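Asker: Encoded as structure tokens, here's the structure I'll be asking about.
The values are calculated or read from the model by the stated rules, or taken from the named source; none is laboratory data. Keep in mind that this is a model prediction, so the values were computed, not measured. Don't worry about glycine lacking a Cβ; one is built from the backbone with ideal geometry, like all the others, and counts go over all protein chains shown.
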Amino acid sequence: MGLSKNTLDRSDISTNPIKLKYSATYLSSSAYDAGITLNRGVNTTYNSSSIEFLNYALVRQLYYQEYITGSLLNSANYWDSSLQSTAAEGTFDNDYRYFPTESSAIVTILAMPRSVFGENIGRKSLVISGSTYRLVDDGNGNVVDTFYNQNNHVGNVLYSQGVIIITDVEYQYAMIPYSGPSTTTTSTTTTTTTAVPTTTTTTTSTTSTTTTAPPTTTTTSTTSTTSTTSTTSTTSTTTTEPPTTTTTSTTSTTTTEPPTTTTTTTSTTTSTTTVNTYVAIYAKDIGTGGNATPTLQYTVNGGSPISLGNVATSSCTNLFQINGLSNGDALVFSFTQVYSMEGASGAGVCPSTTSTTFYNYSVNTGANTISITVDRDIVP
């Protein structure tokens, strides 16, 4: 009987990779522990002690250089984004790239390690949420804010790189909070220490000795003879007392006042309060004519106009929000088409009539709300 042998040739084996999709959620307090980093880039002068300029230059060159004027030469390294969007070129859903180039422009960069996002970030899976924003990706590399049901474009996600870049100036503090005023508390503690009293006793011993010569006896004998025999004898004896010794002992007690040591400790505690100062904007258009849809814009402290978007509703609706402001910032609102408008402080209180072409507002710390009415039918 012949022997049979079961064998498998390499050609008989085929392997197919299995791709798994998984989701993960990270709080801002623990993201760093997972290797997720958050950095800011600023368009400023190069400074060897600051990495912010390098961050700005890096993302501009790698991800935006072919979309803006004044980028480095095309021969330099940059990332090919040809596979970023699945939408047709030129459609509304196409991968839209905007990068701020004005002086002091700020971008925010969130980067994930490969261990977090794997082969790539899943399309339409990105969500970054806060108390005043909800940033999601649209599946074509665009990051939009859907917090107020408005798809405001705020940046881009590079799926295969694990990088999210926020380029909208309104969201520069969305993930890196604005540091508000500092509160300083000073505590002073005074401690007084008294030493143990000190007593000094001085004993002085004085010995005084008076010595008198040894006792002396003096005998005087006198004999007197007359015709009549008579004898007189006189004896005188002087005795001196023995030597005298006098001892004097003096005790002196001195008490020294206890020394006092005073120690003063001053403790200063400085705490920084994180405050997101923003302006929520309600707006409506009361015009009915055929003029172009009004586009709201604003300036901060006399800077260049920044476009917010179209006002295409006839009801007073919360359409926009400006984040990252500071107390006292001067805002001026207007429309790019120079339509008649009116503004008021408060939520949902859009004026019923218009009489000017701009609205001034001074920002307060924390939440601010204003309401704006535009009439596209009136062109001053």
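Asker: For a quick check of your reading: which strands (runs of 3 or more DSSP E) sit entirely within the stretch 287-330 and have at least 2 residues that are hydroxyl-bearing (S, T, Y) and either out of contact with any Asp or Glu (no Cβ under 7 Å at 6 or more places or on another chain) or surrounded by 14 or more Cβ atoms within 10 Å (Cβ to Cβ) (or both)?
Answerer: It comes to 295-300.
Asker: Kindly indicate which of I121, I128 is at pLDDT 80 or above and either in contact with a Cys (Cβ under 6 Å, 6 or more places away or on another chain) or in a strand (DSSP E or B) (or both).
Answerer: Checking each option against the conditions leaves just I128.
Asker: May I pose another question? If you go through the stretch 102-116 one residue at a time, do you hit one that is in a loop (DSSP other than H, G, I, E, B), aliphatic (A, V, I, L, M) and closer than 27 Å to G303 by Cα?
Answerer: Within the stretch 102-116, one or more residues are in a loop (DSSP other than H, G, I, E, B), aliphatic (A, V, I, L, M) and closer than 27 Å to G303 by Cα.
Asker: Moving to a separate point now. Can you tell me which residue in the stretch 125-167 is nearest to T25 (Cα to Cα), limited to those that are in contact with an Asp or Glu (Cβ under 6 Å, 6 or more places away or on another chain) and among the polar types (S, T, N, Q)?
Answerer: N140
Asker: List every residue pair whose Cβ atoms sit under 7 Å apart, with the two residues 6 or more apart in sequence or on different chains, where the first one lies in the stretch 361-380 and is within 18 Å of A344 (Cβ to Cβ) and free of Cβ contacts under 8 Å to residues at least 40 places away in the same chain and the second, anywhere, is among the small types (G, A, S) and part of a strand (DSSP E or B).
Answerer: S362/A330
Asker: Can you tell me which condition I322 does not meet? The list is (1) under 27 Å from T108 (Cβ atoms); (2) touching a Pro at 6+ places or on another chain (Cβ under 6 Å), and all the others hold.
Answerer: (2)
Asker: Another question, if that's okay. Restricting the search to the stretch 131-142, which residues are of a type outside the set (S, T, N, Q) and not in a strand (DSSP E or B)? Spell out how you get there, then give the answer.
Answerer: First, the residues of the stretch 131-142 that are of a type outside the set (S, T, N, Q): 133-139, 141.
Matches in the stretch 131-142: Y133, D138, G139, G141.
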